[in-house]
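The values are calculated or read from the model by the stated rules, or taken from the named source; none is laboratory data. On a predicted model such as this, the values are computed, not experimentally measured, just so you know. Note that each Cβ is placed from the backbone with ideal geometry, even for glycine, and that neighbours are counted across all protein chains shown.
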Amino acid sequence: MTDLPASCRHVIDPDTLDALHEILADPSTPFGVAPGAPYDRQLTALREAHDYISSRRVAAAAIASPQAARAVLDGLGEADPQLARTLRRHVVLAPILAELPAGRERDAVLGDIDRGDLVTWTVQVNSWTWHEGAGPSGERPIARADAELIVDHFPGLYDAILLWEPTTAAVIAVPTHRAGVSWVAAEANSIDRWVVRLDRTTFHTHELIRIGSDQRALLDRLTGSTSPAPAEP
């Protein structure tokens with residue numbers, strides 16, 4: 001790896017690797033995602049590892065550049081391949097968001113990531129409906145949405161789920177702790193696909209990152225997501 005900022009060359013130091021190995025081998029806190037299910041212990045370990053990564057701002061280094069993002073991902077892979085897979089979308093998204101035009105909405109999401117928040121991108125948007133008939137705007141800054149999303153790792157590992165919403169031509173960050181957000185495994189005894197549902201979940205216009213179709217295509221290509229085409233003006 002060359003031409004990385006000095007702060008990004010060793011984002012996963014030996015002490016961090018040791019701590020992650022210990023957490024993944026023997027998580028200390030019962031998580032209880034699905035008590036009795038065969039994957040409950042694995043999710044407990046991943047959740048504790050994510051909390052550690054967040055508290056140490058390890059993945060925040062990915063904001064610097066795609067090269068820094070690769071360094072983060074490689075380091076996480078040394079700790080555990082499954083852990084790296086759960087954070088691949090985060091480290092790919094971070095430098096792309098940093099390259100979008102600066103603005104209140106983008107800066108808020110980027111600031112959260114810089115403080116340690118972990119995000120992912122939707123695999124698929126099955127449905128999205130605004131209760132008010134349209135998304136939030138300057139005239140009506142708040143709107144509520146019902147939706148069904150698909151993500152490829154346990155949603156509780158992340159602070160927010162990002163998606164492309166075509167009627168507003170915007171990237172929306174859905175906080176996983178927000179009222180009306182719930183999820184369930186798409187298949188029994190599997191942790192590889194989750195259905196996330198929104199029930200009258202509230203969004204403010206300042207939470208929508210409005211971008212052009214060329215930038216959306218870049219997001220789609222690099223994250224491997226699937227998004228409907230933007231609405232015609």
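Tell me whether the range 130-150 contains one or more residues that are within 26 Å of Ala59 (Cα to Cα) and of a type in the set (Phe, Trp, Tyr).
Scanning the range 130-150, I find no residue that is within 26 Å of Ala59 (Cα to Cα) and of a type in the set (Phe, Trp, Tyr), so the answer is no.
Of all residues in the range 144-193 being at pLDDT 90 or above, buried (at least 17 other Cβ atoms within 10 Å of the Cβ) and small (Gly, Ala, Ser), which is farthest from Gln82 (Cα to Cα)?
Here the answer is Ala145.
Would you pick out the residues in the range 118-154 that are outside any strand (DSSP E or B), among the charged types (D, E, K, R) and in contact with a Phe, Trp or Tyr (Cβ under 8 Å, 6 or more places away or on another chain)?
Going through the range 118-154, the residues outside any strand (DSSP E or B) turn out to be 118, 122-123, 131-141, 152-154.
From what is left, the residues that are among the charged types (D, E, K, R) are 132, 139-140, 152.
Listed by number, the list holds a single entry, Asp152.
Inside the range 43-87, can you point out the residues that are among the hydroxyl-bearing types (Ser, Thr, Tyr) and either in a helix (DSSP H, G or I) or crowded, with 19+ Cβ neighbours inside 10 Å (or both)? Before the answer, list the steps.
Going through the range 43-87, the residues among the hydroxyl-bearing types (Ser, Thr, Tyr) turn out to be 44, 52, 54-55, 65, 86.
Correct list: Thr44, Tyr52, Ser54, Ser55, Thr86.
Which residue, of Gly75, Gly116, is farther than 19 Å from Val171 by Cβ and in contact with a helix residue (DSSP H, G or I) (Cβ under 6 Å, 6 or more places away or on another chain)? Explain how you work it out, then say what you get.
Numbers: Gly75 fails: in contact with a helix residue (DSSP H, G or I) (Cβ under 6 Å, 6 or more places away or on another chain).
One residue alone meets the criteria, Gly116.
What are the pairs, 6+ residues apart or on separate chains, where a residue within the range 158-182 that is in contact (Cβ under 8 Å) with a residue 60 or more places away in the chain and not assigned by TED's automatic domain parsing to the domain that holds Arg104 has its Cβ under 6 Å from a residue that is part of a loop (DSSP other than H, G, I, E, B) and acidic (Asp, Glu)?
Note: pairs meeting the criteria are Asp159/Asp117.
Would the range 95-105 turn up any residue that is part of a helix (DSSP H, G or I), in contact with a Ser or Thr (Cβ under 6 Å, 6 or more places away or on another chain) and either under 30 Å from Ala186 (Cβ atoms) or modelled with pLDDT of 95 or more (or both)?
Pass one, the range 95-105, residues part of a helix (DSSP H, G or I): 95-99, 104-105.
Checking the rest, the ones that are also in contact with a Ser or Thr (Cβ under 6 Å, 6 or more places away or on another chain) come to 95.
Filter once more, so that each one left must be either under 30 Å from Ala186 (Cβ atoms) or modelled with pLDDT of 95 or more (or both): 95.
Yes, that holds for at least one residue.
Collect the residues in the range 212-225 that are at pLDDT below 70 and either hydrophobic (A, V, I, L, M, F, W, C) or exposed (fewer than 13 other Cβ atoms within 10 Å of the Cβ) (or both), keeping them in residue-number order.
Within the range 212-225, Arg221, Leu222, Gly224 meet the criteria.
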